[in-house]
Amino acid sequence: MPRFRLRLEYQGTAYQGWQVQRDAKTVAGEITRVVRGIAGAAPFELYGAGRTDAGVHALEQVAHLDLETRLAPELLRRQINDALPSDIYVLDIERVHERFHARHSAVARSYLYQVSRRKSAFGKKYVWWVRGDLDAERMRRAAELFVGMKSFVSFAAGDPDEISSRVLIDKIEIGEAGDLVLVRIEGSHFLWKMVRRIVGVLVEVGKGQLGLNEVSFFLRERSDVPARLAAPGSGLFLEKVYYEGDARLDRLEPVLRVEVGRRAGKS
């Protein structure tokens, strides 16, 4: 059966994550519904590179689709996009070798989180507004503790499909753009809710509510504190899925810019 690789973007606000769920609206569920309409009685299978949680967005999710069709990839892309809701969009489709697997062939993934230092009339769906000051330099020092092969048992939600809590984090970058603090986390793979819990802990460090010793403890011993501090899904974006030979992202840029000084009462 022919295999197609899909690159797609979506706004996750209206969805209960990527994975198909019974009685829940999901991104993969919407794509499956549309492909079923195109395929008719023909069998097909859809696999994503990774799951995203409820409310989480994707700048570049990757999936592969096994489908017997006479449609050229570009025509297939157009037909899928025409039937999808406006908050899901297939960027491109290409025919690939049957050995390609969206999840298992991936060598790394990158997530971007946007924290806003102020309330924004436009960014509610795409940022986490944190009251009070955030010290980005303190967050950078704490971020260094996560880099390398570590046990993230305190940062995982206990998905039964996850065999090990050990994950290789290649890097965590902390940047600033206007009133946004940007957190990019790049690693081999990620456990369920892991990124949101890391961001939540980093924010508490930036607020001065947690110290580096406490962060180190979370990485040595099991603790339920990171779960209580988990950042909301609204500010999180699956930024890129990497495959062999892909160039890594270098510039850290916001999806939505919140400008310094453009506050209520100022023009």
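A short reminder: the numbers here are calculations on the coordinates, not readings from a lab. The model shown is predicted, which means the values in this text are computed figures rather than measured ones. Counting neighbours? That spans all protein chains shown, and the Cβs are built from the backbone with ideal geometry, glycine included.
Things to note:
- Close Lys pairs in the chain (alpha-carbon distance under 20 Å; sequence gap of 8 or more, or different chains): 12.
- Taking label positions 7 Å along the Cα-Cβ direction at both A121 and R141, the computed distance is 3.9 nm, reported to one decimal.
- Three semi-axes of the equivalent ellipsoid, the stretch 132-192, Cα gyration tensor, whole Å, largest first: 26, 12, 10
- Among L6, W18, T32 - extreme Cα towards positive end, dipole of the stretch 3-96, charges at beta-carbon: T32
- The stretch 61-106 shape via C-alpha gyration tensor axes, a/c threshold 1.5: oblate
- Counting only Cα atoms, the size of the chain along its three principal axes is 59, 50, 38 Å, in decreasing order.
- Point-to-point label distance, M149-S188, nm (Cα→Cβ direction, 7 Å offset): 0.6
- Exposed GluC sites (Glu not before Pro) absent: longest stretch of the chain, with sites in DSSP loops and at most 13 other Cβ within 10 Å deemed exposed: 99-220
- In the stretch 33-126, the chymotrypsin sites (Phe, Trp or Tyr not before Pro) that fall in loop regions by DSSP, at most 10 other Cβ within 10 Å: F122
- Residues with amide H under 5 Å from that of A102, placed H, sequence gap 5 or more: H64
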